[in-house]
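> Mind having a look at this structure? Questions to follow.
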Amino acid sequence: MRAQVLVAVASRHGGTWGIGEVVSATLAEAGHGVDLLAPEDVADVGPYGAVVLGSAVYLAHWLPAARDLAERHADALRERPVWLLSSGLATQPAAAANSPHELAALRERLGARGHRSFRGRLDRRVLTFAERAVIAGGRAREGDHRDLAAVAEWARGIAATLADEAVHRPADGGTGTRADGRALLALGRPGRI
Ligand SMILES: Cc1cc2nc3c(=O)[nH]c(=O)nc-3n(C[C@H](O)[C@H](O)[C@H](O)COP(=O)(O)O)c2cc1C
């Protein structure tokens, strides 16, 4: 069954946006409707049956735009299936370096189905002076470390989950809820189970 999915991704230098593009293309290939937006451009999550929210990691935090979206729409996000993604430099030895501090609280608050960290991309030429200074002493390895095949595989799992779930849009067009309180996915064809 087809869901309308919002993919909202915060990116400073385009690497994470590229990951969002792969997620979007994969969901679309699987037959879902997809909008790929920067978090600051999302006015309403109401039209979406599911949301993938992600951010690049800077200084162990998600970018403010992604955190703001989660904050502004926390209640609506809790009512629909949500997956989170982060993109950072997996070349750092500690897995925790890729795991933004706020992630655990965010997962809990949004009732997210999952969170996945993907390796990112570092091109010193596009960094600001301040960013270069920050990473100067670190062990960050230049280059594109993104595993886009792994991103697509993750997104195929989401697509399959959405397709499998018992979903419908109530005849009155409102958002249905399951017995466990979570929202049902809205389908393009009203009234169909
Ligand atoms: C100044 C700076 C700080 C960074 N801090 C972190 C960090 O704390 N943890 C991490 O995993 N990656 C960190 N990175 C790596 C970025 O997350 C990585 O380059 C990412 O792919 C950037 O995504 P974007 O191109 O979408 O902005 C940092 C990169 C820069 C330039």
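The values are calculated or read from the model by the stated rules, or taken from the named source; none is laboratory data. Given the structure is predicted, the values throughout are model-derived calculations rather than measurements. Here the Cβ is made from the backbone with ideal geometry for all residues, glycine too, and neighbour counts use every protein chain on show.
> Can you report the number of residues in the stretch 19-41 which are crowded, with 18+ Cβ neighbours inside 10 Å and either more than 14 Å from the ligand (Cβ to nearest atom) or within 18 Å of Asp147 (Cβ to Cβ) (or both)?
10
> Something else: Among the numbered conditions (1) touching a helix residue (DSSP H, G or I) at 6+ places or on another chain (Cβ under 6 Å); (2) of a type outside the set (Phe, Trp, Tyr); (3) within 19 Å of Thr16 (Cα to Cα), tell me where Ala159 comes up short.
For Ala159, the failing item is (3).
> I've got another one for you. Of everything in the stretch 1-17 that's more than 11 Å from the chain's Cα centre (by Cα) and more than 8 Å from the ligand (Cβ to nearest atom), which residue is farthest from Leu85 (Cα to Cα)?
The selected residue is Met1.
> Of all residues being over 15 Å from Ala105 (Cβ atoms) and not charged (D, E, K, R) in the stretch 70-84, which is nearest to the ligand (Cβ to nearest atom)? Just the residue, please.
The extreme case among them is Trp83.
> Here are Arg132, Arg125, Arg146: which of them is within 16 Å of the ligand (Cβ to nearest atom), at pLDDT 90 or above and touching a strand residue (DSSP E or B) at 6+ places or on another chain (Cβ under 6 Å)?
The match here is Arg146.
> Across the stretch 126-162, what is the total count of residues that are touching a residue at least 40 places away in the same chain (Cβ under 8 Å) and outside any helix (DSSP H, G or I)?
Of the residues in the stretch 126-162, 8 are touching a residue at least 40 places away in the same chain (Cβ under 8 Å) and outside any helix (DSSP H, G or I).
> Continuing with this model, one more query. Which pairs do you get when a residue that is in contact (Cβ under 8 Å) with a residue 40 or more places away in the chain, found in the stretch 58-69, comes within reach of a residue that is more than 8 Å from the ligand (Cβ to nearest atom) and assigned to a helix (DSSP H, G or I), reach meaning Cβ atoms under 6 angstrom, with the pair 6+ apart or on two chains?
That search, which allows pairs on different chains as well, returns Ala65/Pro39; Ala65/Glu40; Ala66/Pro39; Leu69/Pro39.
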